[in-house]
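What follows is calculated from the coordinates using simple rules that are stated; it is not laboratory data. None of the values given here were measured: they were computed from a predicted structure. With ideal geometry, Cβ positions are generated from the backbone for all residues, glycine too; neighbour counts draw on all protein chains shown.
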Amino acid sequence: MQTVHDTPRYLRRMPSPIGRIEIVSNGEAIVSLTIERDGTLPDDELPERPDAILDRAVVQLEEYFSGHRHDFDLPVSLAGTAFQLAVWEQLVALDWGEVISYGELGQATGRASAGRAVGGAVGANPVPIIVPCHRVLGADGRITGYSGGEGIPTKSWLLAHEGIAHTVSAGERRADAATLFDDASSAA
């Protein structure tokens, strides 16, 4: 099944320690950020078409990955349901190194018993890293999933980069993050 989507108005790619990143702007704000999965990005076939917002985003992401930036100062335009927007608003409020559980996120959005819905909203975040969905963990500090990049190893790398203690169940581990991203970090 092929997903049909609009051709990005502005597009930029960059290397990172977790794989290549593709950032899309509508000319006024960032509308998506994708971390490559299995060596591909959604718009690999398209040429880059940078704008000033994407240039700022690349600089700030490079600073983040080098450990010199702890928050982002970029315009972001998020499209989703009212509930998704409420969840993403809570994520944006998280500081570097701060985590929240799915249950706490549900309580903060007025839906304390909506664990699956919270997880779905977190997973649908169109601008990971900048809207830090990687900072959401299970109540016991365990990574329960991640939809960006290579999944759990990508989330584990981001959490370790921010000094956030977490655990990964052996049954959920696709690969060790340090091994998976060793080659990518030398390319960044």
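Using only DSSP helix segments of four residues or longer, with each worth -39500 (n - 2.57), what per-residue ellipticity at 222 nm results for the chain after dividing by its residue count and rounding to 500?
Working: 7 runs with 61 residues, N = 188.
Taken over the chain, the calculation gives -9000 deg cm²/dmol.
DSSP assigns beta bridges within the chain; of those with both partners inside it, close to 75 percent run antiparallel. In plain terms, if you count all Cα to Cα distances in segment 33-125 and split them into 10 Å steps from zero, the share in each step is 13, 35, 37, 14, 1 percent. Remark: His68, His134, His166 ranked as His68, His166, His134, counting other beta-carbon atoms within 10 Å and listing the fewest first. With K and R counted +1 and D and E -1, the other residues having a Cβ less than 9 Å from that of Ile164 yield a net charge of -1.
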